[in-house]
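Data block below; observations after.
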Amino acid sequence: MAERSTFGPVLLTGLASGIVAAVAGARPWVRGSSGNVDTANPASAAIIDLSGVRESPLAVSLALVVLACWGVILVTRGRVRRAVAVLGALAAIGMLVTIVAAFWSLQDALSEALLAASGLDTAEVSLTGWYAAALVAGLISVAATLAAVRYIPTWPEMGSRYDAPTTGTPEVEPEGNLELWKALDEGHDPTASQRPLD
């Protein structure tokens, strides 16, 4: 029962961390200056397009994959649900690796771009708060998706009444009020038959 109660907290934590990672990944992770080129000042930053070396589109993409996996986990069951949880965990790990690698790669890329733009031999580069937010969200997202893989067999699932109807056994026409209410509860439409009701 204790493992079953992890469903809500893990799901909400995973969704929240995925949203934060997606938002933070689309914001600048590094800032810097060299001579008269200052990326914190939009007027001087217009001298050169630095957007491609200050953020990580791959992290955003992987965060969106993680969010999509949480959505699928909500509406599936069994092996499919567990496979999607594993996919979400792999995407979260990939996102975290991307964020950690950006610590060096983005700073180096921005420094080189600033040096090329200013013509000088020194540049000051630092990380922004968005990078820290992305890193924390990535760590939490990995923990949440791994917890999902671990606890998903014990989590509640949607009932089969929400599945698309199959062409298996034909529906039996309900007889009497009690069976009509049962048919409605199971998602069947008793008014679809041509026979008039009692």
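The values are calculated or read from the model by the stated rules, or taken from the named source; none is laboratory data. Just so it is clear, the model here is predicted, and its values are computed rather than measured. Quick reminder, even Gly has a Cβ in these numbers, built from the backbone with ideal geometry, and neighbours come from all protein chains shown.
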Open item on the list: Just to verify a result, which residue in region 106-141, among those that are of a type in the set (Ser, Thr, Tyr) and surrounded by 14 or more Cβ atoms within 10 Å (Cβ to Cβ), is farthest from ARG31 (Cα to Cα)?
Closed with: SER141
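Could we say that ALA83 is in a helix (DSSP H, G or I) and under 19 Å from TRP155 (Cβ atoms) here? Break it down into steps so the answer makes sense when it comes.
On the way: in a helix (DSSP H, G or I): yes; under 19 Å from TRP155 (Cβ atoms): yes.
Taking the combined requirement at face value, the residue satisfies it.
Restricting attention to region 142-151, which residues are surrounded by fewer than 24 Cβ atoms within 10 Å (Cβ to Cβ) and closer than 9 Å to GLY14 by Cα? Please lay out each step first, then the result.
Narrowing region 142-151 to residues surrounded by fewer than 24 Cβ atoms within 10 Å (Cβ to Cβ): 142-143, 146-147, 149-151.
Answer for region 142-151, where residues must be surrounded by fewer than 24 Cβ atoms within 10 Å (Cβ to Cβ) and closer than 9 Å to GLY14 by Cα: VAL142, ALA143.
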Open item on the list: Which residue is surrounded by the fewest Cβ atoms within 10 Å (Cβ to Cβ), if the candidates are limited to region 49-63 and must be modelled with pLDDT of 90 or more and farther than 13 Å from SER17 by Cβ?
Closed with: SER61
